[in-house]
1. Which ones in region 1-17 are open to solvent by less than 10 Å² (accessible area, probe 1.4 Å) and either modelled with pLDDT under 95 or more than 10 Å from the ligand (Cβ to nearest atom) (or both)?
2. Of the residues that sit in region 62-74 and are open to solvent by 30 Å² or more (accessible area, probe 1.4 Å) and either without any contact (Cβ under 8 Å) to a residue 24 or more places away in the chain or aliphatic (A, V, I, L, M) (or both), which one is farthest from Q15 (Cα to Cα)?
3. Being within 15 Å of the ligand (Cβ to nearest atom) and free of Cβ contacts under 8 Å to residues at least 40 places away in the same chain is the requirement here; does A59 meet it?
4. Out of region 18-53, which residues are in a helix (DSSP H, G or I), surrounded by 15 or more Cβ atoms within 10 Å (Cβ to Cβ) and out of contact with any strand residue (DSSP E or B) (no Cβ under 9 Å at 6 or more places or on another chain)?
5. Any residue in region 196-215 that is under 16 Å from M58 (Cα atoms) and among the polar types (S, T, N, Q) sitting within a Cβ distance under 7 Å of a residue that is open to solvent by 80 Å² or more (accessible area, probe 1.4 Å) and more than 13 Å from the ligand (Cβ to nearest atom)? List the pairs, counting only those 6 or more apart or interchain.
6. Cβ contacts < 9 Å: first residue under 22 Å from V188 (Cβ atoms), restricted to region 106-117; second residue of a type in the set (D, E, K, R) and within 11 Å of the ligand (Cβ to nearest atom), any location; separation 6+ or different chain. Result?
7. For region 75-120: of the residues being open to solvent by 40 Å² or more (accessible area, probe 1.4 Å) and in contact with a strand residue (DSSP E or B) (Cβ under 8 Å, 6 or more places away or on another chain), which is nearest to H43 (Cα to Cα)?
8. Identify, by number, the condition in (1) away from the ligand (no atom under 16 Å from the Cβ); (2) at pLDDT 90 or above; (3) in a helix (DSSP H, G or I) that T196 doesn't meet.
Amino acid sequence: MKIGIFGGTFNPIHQGHLAIAEEVLKSVGLDWVLLIPAGRPPHKKERKVLPAKHRMEMARLAVQGHKKIEASDLEIARGGKSYTIETVKALERNYPKGTEFYLILGLDAFLEFPTWRSPKELTTRCHIVVVSRPGYRFSDLSRLDFPGRPDPERLNELDAGRRVRLDLPLAAVGHGLSAGNRLILIRVPAHDVSATQIRDHLSGGKRFKNLLPPLVESYIMNHSLYRRVKSSS
Ligand code: ATP
């Protein structure tokens, strides 16, 4: 069985997230994608992050009608900071032996991957799938100190659209990493949307179209989320 692990703050979940999950499902041939909102994201300023119960509810609403995508409260239920390595270990305990895990990341997130907790151990436990994101270039991966770092010319080909996918062994240069795991870089159609942009629109009372799943948009409106609040500082 092949399971995709798609973590994020999802503050809020948007159409870009869903499109990526669907594209990776198809392109990599996954059986299932678990969309896992972080309880406390280690990389984001907590003051700006909506309480977990709202982000979880929006994720549940967003996946309705997406047959092979499930919202999981694994990280929220665990409490504390949400380190992906702990999530992967928990999933390994919950799924049958032999299940293959695919960690799904946008290119912006993957460029930060070396600062995560236990990045090398993660690469021994999961395949890594990285999707393109407007404003970021695959060729920037050349500056990362990362095992199995791809050849710059092939990264340029991805950026230029002459190639849509690059599939490499993660253990190309050793480091005692699991020989079987892959790094899969995929150029997906551009989804020029971010949660920051959506929060800015909402707090400014601006209208926008098609950036949010309709049920999520209704949830936000019904609960008056992301309205501008007067700062006490
Ligand atoms: P924010 O603007 O608050 O930083 P975000 O839109 O980047 O939020 P996250 O919840 O932080 O959303 O992202 C979860 C994952 O989805 C990350 O791996 C991120 O790279 C990826 N991602 C989010 N939006 C896109 C997009 N438009 N294209 C490609 N990847 C994306």
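1. Hits for region 1-17 are I3, G4, I5.
2. Here is the first cut: in region 62-74, the ones open to solvent by 30 Å² or more (accessible area, probe 1.4 Å) are 64-68, 70, 73-74.
Retained after the next criterion (residues that are either without any contact (Cβ under 8 Å) to a residue 24 or more places away in the chain or aliphatic (A, V, I, L, M) (or both)): 65, 67, 74.
On the way: G65: 13, K67: 16, L74: 22 Å.
Among those residues, the one meeting the criterion is L74.
3. Criteria not met by A59.
4. Within region 18-53, A19 is the sole residue that qualifies.
5. none
6. Pairs that qualify, where the first residue is under 22 Å from V188 (Cβ atoms) and the partner is of a type in the set (D, E, K, R) and within 11 Å of the ligand (Cβ to nearest atom), are G106/R133; L107/R133; D108/R133; A109/R133.
7. Selected residue: K81.
8. With (1) away from the ligand (no atom under 16 Å from the Cβ); (2) at pLDDT 90 or above; (3) in a helix (DSSP H, G or I) applied to T196, the lone miss is (1).
The values are calculated or read from the model by the stated rules, or taken from the named source; none is laboratory data. Bear in mind the structure is a predicted one, so any value in this text is a computation, not a measurement. Note that we place each Cβ from the backbone using ideal geometry, even for glycine, and neighbour counts take in every protein chain shown. Note: areas computed on protein heavy atoms with side chains; ligands, DNA, RNA excluded. Shrake-Rupley method; radii C 1.70, N 1.55, O 1.52, S 1.80 Å.
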